[in-house]
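Remarks on the structure that follows.
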Amino acid sequence: MFLSKQKNKENLATYKSGFTLIELLVSVFIIGVIASVTVYNHKEFTDSLEITNLAYAVALSIREAQISGTAVKGISGNFEKAYGIHFNINPETDANFPGNNKAYLLFVDDENDQYIYENLPPNYLGFNNNCGDPSINLECIQQIDIGRGNFISKICVNDGSGDLSCSDDSNLAGVDLTFLRPKLDTNIRFRRQNGTVLTPPNQYNDKEAIICLKSPSGRTKSINVLHSGQIYVGKDTICEDISDES
(Lines give C-alpha, C1' and ligand atoms only; values in the text may rest on other atoms or scores of the structure.)
Protein backbone atom coordinates (compact mmCIF):
# COMPACT_ATOMS: atom_id res chain seq x y z
CA MET A 1 0.00 0.00 0.00
CA PHE A 2 2.81 2.36 0.92
CA LEU A 3 4.71 1.51 -2.25
CA SER A 4 1.64 2.16 -4.38
CA LYS A 5 1.15 5.63 -2.89
CA GLN A 6 4.84 6.43 -3.32
CA LYS A 7 4.70 5.40 -6.96
CA ASN A 8 1.62 7.53 -7.56
CA LYS A 9 3.41 10.52 -6.07
CA GLU A 10 6.38 9.95 -8.36
CA ASN A 11 4.13 9.68 -11.44
CA LEU A 12 2.30 12.85 -10.41
CA ALA A 13 5.60 14.71 -9.99
CA THR A 14 6.75 13.53 -13.41
CA TYR A 15 3.49 14.67 -14.98
CA LYS A 16 3.70 18.06 -13.33
CA SER A 17 7.30 18.57 -14.51
CA GLY A 18 6.43 17.99 -18.22
CA PHE A 19 5.45 20.53 -20.94
CA THR A 20 1.88 21.52 -21.55
CA LEU A 21 0.67 21.81 -25.16
CA ILE A 22 0.66 25.62 -24.94
CA GLU A 23 4.22 25.69 -23.63
CA LEU A 24 5.31 23.39 -26.42
CA LEU A 25 3.65 25.57 -29.07
CA VAL A 26 5.25 28.70 -27.63
CA SER A 27 8.66 27.02 -27.67
CA VAL A 28 8.24 25.93 -31.28
CA PHE A 29 7.14 29.44 -32.22
CA ILE A 30 10.17 31.04 -30.56
CA ILE A 31 12.53 28.59 -32.25
CA GLY A 32 10.85 29.31 -35.59
CA VAL A 33 11.24 33.08 -35.15
CA ILE A 34 14.90 32.74 -34.23
CA ALA A 35 15.53 30.46 -37.22
CA SER A 36 13.73 32.84 -39.61
CA VAL A 37 15.70 35.84 -38.37
CA THR A 38 18.94 33.90 -38.66
CA VAL A 39 18.23 32.77 -42.22
CA TYR A 40 17.11 36.28 -43.27
CA ASN A 41 20.17 37.94 -41.75
CA HIS A 42 22.44 35.36 -43.38
CA LYS A 43 20.86 36.00 -46.79
CA GLU A 44 21.18 39.78 -46.33
CA PHE A 45 24.80 39.39 -45.26
CA THR A 46 25.60 37.09 -48.19
CA ASP A 47 23.90 39.41 -50.68
CA SER A 48 25.76 42.43 -49.32
CA LEU A 49 29.06 40.56 -49.39
CA GLU A 50 28.57 39.39 -52.97
CA ILE A 51 27.75 42.83 -54.41
CA THR A 52 30.70 44.32 -52.51
CA ASN A 53 33.06 41.65 -53.82
CA LEU A 54 31.74 42.21 -57.34
CA ALA A 55 32.36 45.95 -57.09
CA TYR A 56 35.96 45.37 -56.02
CA ALA A 57 36.43 42.81 -58.80
CA VAL A 58 35.28 45.35 -61.40
CA ALA A 59 37.52 48.02 -59.86
CA LEU A 60 40.47 45.61 -60.00
CA SER A 61 39.76 44.93 -63.69
CA ILE A 62 39.93 48.67 -64.36
CA ARG A 63 43.16 48.83 -62.36
CA GLU A 64 44.55 45.94 -64.39
CA ALA A 65 43.86 47.89 -67.58
CA GLN A 66 45.55 50.92 -66.03
CA ILE A 67 48.66 48.94 -65.15
CA SER A 68 48.80 47.30 -68.60
CA GLY A 69 48.37 50.61 -70.38
CA THR A 70 50.86 52.60 -68.34
CA ALA A 71 53.51 50.04 -67.46
CA VAL A 72 55.37 47.64 -69.70
CA LYS A 73 52.74 45.52 -71.44
CA GLY A 74 52.83 45.94 -75.19
CA ILE A 75 51.16 44.46 -78.27
CA SER A 76 53.57 42.95 -80.80
CA GLY A 77 56.33 45.09 -79.41
CA ASN A 78 54.24 48.26 -79.60
CA PHE A 79 53.90 50.07 -76.28
CA GLU A 80 51.77 52.90 -77.61
CA LYS A 81 48.46 51.06 -77.40
CA ALA A 82 45.85 52.04 -74.83
CA TYR A 83 44.30 49.36 -72.62
CA GLY A 84 40.81 49.77 -71.28
CA ILE A 85 37.50 48.47 -70.00
CA HIS A 86 34.37 48.65 -72.14
CA PHE A 87 30.87 48.87 -70.62
CA ASN A 88 27.75 48.74 -72.78
CA ILE A 89 24.37 48.07 -71.16
CA ASN A 90 22.26 48.35 -74.29
CA PRO A 91 19.95 45.36 -74.91
CA GLU A 92 21.66 42.40 -76.59
CA THR A 93 19.06 42.63 -79.35
CA ASP A 94 20.05 46.17 -80.32
CA ALA A 95 20.84 46.15 -84.03
CA ASN A 96 23.45 48.92 -83.96
CA PHE A 97 25.13 48.74 -80.58
CA PRO A 98 24.32 45.38 -78.89
CA GLY A 99 25.34 45.37 -75.25
CA ASN A 100 25.24 43.25 -72.13
CA ASN A 101 24.49 44.46 -68.61
CA LYS A 102 25.91 41.26 -67.11
CA ALA A 103 29.39 41.48 -68.59
CA TYR A 104 32.17 43.90 -69.51
CA LEU A 105 35.25 43.72 -71.72
CA LEU A 106 38.96 44.14 -71.21
CA PHE A 107 40.38 45.43 -74.50
CA VAL A 108 43.33 47.05 -76.21
CA ASP A 109 42.81 49.95 -78.60
CA ASP A 110 44.71 48.20 -81.37
CA GLU A 111 43.22 50.36 -84.11
CA ASN A 112 43.90 53.63 -82.26
CA ASP A 113 40.32 54.82 -82.74
CA GLN A 114 40.25 57.52 -80.10
CA TYR A 115 40.40 55.48 -76.93
CA ILE A 116 37.29 53.39 -77.58
CA TYR A 117 36.53 49.71 -78.07
CA GLU A 118 35.92 48.99 -81.75
CA ASN A 119 33.84 51.41 -83.74
CA LEU A 120 30.30 51.57 -85.03
CA PRO A 121 28.80 48.81 -87.23
CA PRO A 122 29.91 46.98 -89.21
CA ASN A 123 33.15 46.99 -87.18
CA TYR A 124 31.62 46.77 -83.72
CA LEU A 125 31.62 43.14 -82.59
CA GLY A 126 30.16 43.72 -79.14
CA PHE A 127 29.89 40.82 -76.72
CA ASN A 128 30.32 37.41 -78.27
CA ASN A 129 32.37 34.25 -78.18
CA ASN A 130 34.98 35.74 -80.49
CA CYS A 131 36.56 37.73 -77.68
CA GLY A 132 40.18 36.69 -77.35
CA ASP A 133 40.41 35.34 -80.90
CA PRO A 134 42.82 37.72 -82.72
CA SER A 135 41.81 36.33 -86.11
CA ILE A 136 38.28 37.70 -85.58
CA ASN A 137 38.50 40.35 -82.89
CA LEU A 138 41.78 42.22 -82.64
CA GLU A 139 40.82 44.39 -79.68
CA CYS A 140 38.90 42.24 -77.20
CA ILE A 141 41.19 40.51 -74.72
CA GLN A 142 38.70 39.07 -72.26
CA GLN A 143 34.99 39.14 -71.53
CA ILE A 144 34.31 39.17 -67.79
CA ASP A 145 30.85 37.86 -66.94
CA ILE A 146 28.85 38.96 -63.91
CA GLY A 147 27.02 36.14 -62.15
CA ARG A 148 24.60 35.39 -59.31
CA GLY A 149 21.91 37.67 -60.70
CA ASN A 150 23.95 40.84 -60.24
CA PHE A 151 24.11 43.32 -63.09
CA ILE A 152 25.25 46.77 -64.21
CA SER A 153 22.15 48.86 -63.63
CA LYS A 154 23.30 52.12 -65.19
CA ILE A 155 26.22 54.31 -66.14
CA CYS A 156 26.47 57.91 -65.02
CA VAL A 157 28.64 60.94 -65.64
CA ASN A 158 29.39 63.53 -62.97
CA ASP A 159 30.38 66.80 -64.61
CA GLY A 160 31.91 68.14 -61.42
CA SER A 161 29.20 70.71 -60.74
CA GLY A 162 26.81 68.27 -59.11
CA ASP A 163 24.87 67.60 -62.31
CA LEU A 164 24.52 63.93 -63.12
CA SER A 165 23.43 62.25 -66.33
CA CYS A 166 22.65 58.55 -66.29
CA SER A 167 21.61 55.86 -68.71
CA ASP A 168 18.10 55.76 -67.24
CA ASP A 169 17.39 59.46 -67.85
CA SER A 170 19.46 60.19 -70.97
CA ASN A 171 20.74 58.36 -74.02
CA LEU A 172 23.89 57.12 -72.29
CA ALA A 173 24.49 53.43 -72.87
CA GLY A 174 28.17 52.84 -72.29
CA VAL A 175 31.59 54.11 -71.38
CA ASP A 176 35.14 53.22 -72.37
CA LEU A 177 37.87 53.76 -69.77
CA THR A 178 41.36 53.61 -71.26
CA PHE A 179 44.92 54.20 -70.12
CA LEU A 180 48.04 54.97 -72.12
CA ARG A 181 51.60 55.45 -70.93
CA PRO A 182 53.22 57.48 -69.53
CA LYS A 183 50.20 59.06 -67.79
CA LEU A 184 48.04 57.36 -65.19
CA ASP A 185 45.08 59.53 -66.24
CA THR A 186 41.85 57.91 -67.36
CA ASN A 187 40.63 58.62 -70.88
CA ILE A 188 36.85 58.61 -70.42
CA ARG A 189 34.62 58.21 -73.47
CA PHE A 190 30.87 58.05 -72.87
CA ARG A 191 28.80 56.49 -75.63
CA ARG A 192 25.22 57.01 -76.75
CA GLN A 193 22.67 54.27 -77.30
CA ASN A 194 23.63 54.21 -80.98
CA GLY A 195 27.29 53.71 -80.08
CA THR A 196 28.58 57.14 -81.04
CA VAL A 197 30.89 58.95 -78.64
CA LEU A 198 29.51 62.01 -76.89
CA THR A 199 31.08 65.02 -78.58
CA PRO A 200 33.24 66.80 -78.08
CA PRO A 201 35.01 63.92 -76.29
CA ASN A 202 37.21 66.26 -74.24
CA GLN A 203 34.07 67.73 -72.73
CA TYR A 204 34.02 64.68 -70.46
CA ASN A 205 37.75 64.06 -70.13
CA ASP A 206 37.98 65.72 -66.73
CA LYS A 207 34.73 64.27 -65.43
CA GLU A 208 33.87 61.27 -63.30
CA ALA A 209 32.42 58.01 -64.58
CA ILE A 210 30.13 56.11 -62.22
CA ILE A 211 29.32 52.46 -62.91
CA CYS A 212 26.34 51.30 -60.84
CA LEU A 213 25.95 47.68 -59.79
CA LYS A 214 22.77 46.13 -58.43
CA SER A 215 22.06 42.83 -56.69
CA PRO A 216 18.88 40.73 -57.09
CA SER A 217 17.57 42.09 -53.77
CA GLY A 218 18.21 45.71 -54.76
CA ARG A 219 21.49 46.41 -52.98
CA THR A 220 23.74 48.80 -54.89
CA LYS A 221 27.43 49.61 -55.17
CA SER A 222 29.26 52.08 -57.36
CA ILE A 223 32.66 52.10 -59.01
CA ASN A 224 33.81 55.69 -59.39
CA VAL A 225 36.55 56.46 -61.91
CA LEU A 226 38.12 59.91 -62.01
CA HIS A 227 40.01 61.53 -64.87
CA SER A 228 43.05 61.66 -62.58
CA GLY A 229 43.21 57.87 -62.61
CA GLN A 230 41.74 57.36 -59.16
CA ILE A 231 39.41 54.36 -58.87
CA TYR A 232 37.35 53.62 -55.80
CA VAL A 233 34.37 51.57 -54.68
CA GLY A 234 31.55 53.31 -52.87
CA LYS A 235 27.82 53.52 -52.45
CA ASP A 236 26.95 56.52 -54.59
CA THR A 237 23.41 57.71 -53.93
CA ILE A 238 22.78 58.06 -57.66
CA CYS A 239 22.86 54.26 -57.90
CA GLU A 240 20.05 53.82 -55.39
CA ASP A 241 17.36 55.46 -57.53
CA ILE A 242 17.11 52.57 -59.91
CA SER A 243 14.02 51.35 -61.69
CA ASP A 244 15.79 48.99 -64.08
CA GLU A 245 15.18 45.28 -63.79
CA SER A 246 17.69 42.55 -64.36
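The values are calculated or read from the model by the stated rules, or taken from the named source; none is laboratory data. Only a predicted model underlies this, so the values are computations on that prediction, with no experimental measurement involved. Cβ: placed from backbone, ideal geometry, glycine included. Neighbour counts: every protein chain shown. We work out accessible area using only protein heavy atoms, side chains counted, and drop any ligands, DNA or RNA first. Shrake-Rupley method; radii C 1.70, N 1.55, O 1.52, S 1.80 Å.
Name the residues in the stretch 89-108 that are crowded, with 16+ Cβ neighbours inside 10 Å, assigned to a loop (DSSP other than H, G, I, E, B) and either free of Cβ contacts under 8 Å to residues at least 40 places away in the same chain or among the β-branched types (Val, Ile, Thr) (or both), would you? Ile89, Pro98, Asn100, listed by residue number.
Is one or more of the residues making up the stretch 124-134 outside any strand (DSSP E or B), modelled with pLDDT of 90 or more and open to solvent by 10 Å² or more (accessible area, probe 1.4 Å)? Write out each step before concluding.
Looking only at the stretch 124-134, we keep the residues that are outside any strand (DSSP E or B), and these are 124-134.
Then drop every residue that is not modelled with pLDDT of 90 or more, which leaves none.
Within the stretch 124-134, not a single residue is outside any strand (DSSP E or B), modelled with pLDDT of 90 or more and open to solvent by 10 Å² or more (accessible area, probe 1.4 Å).
Selection over the stretch 164-200 of residues that are assigned to a strand (DSSP E or B) and open to solvent by 60 Å² or more (accessible area, probe 1.4 Å) gives a count of 2. Cys212 satisfies every condition listed in (1) open to solvent by 30 Å² or more (accessible area, probe 1.4 Å); (2) touching a Cys at 6+ places or on another chain (Cβ under 6 Å); (3) modelled with pLDDT of 90 or more except (1). The set of residues in the stretch 165-191 that are at pLDDT 90 or above and touching a Leu at 6+ places or on another chain (Cβ under 8 Å) comprises Thr186, Asn187, Ile188, Arg189, Phe190, Arg191.
Residues in the stretch 135-151 that are open to solvent by less than 40 Å² (accessible area, probe 1.4 Å) and within 21 Å of the chain's Cα centre (by Cα): Cys140, Ile144, Ile146, Gly149, Asn150, Phe151.
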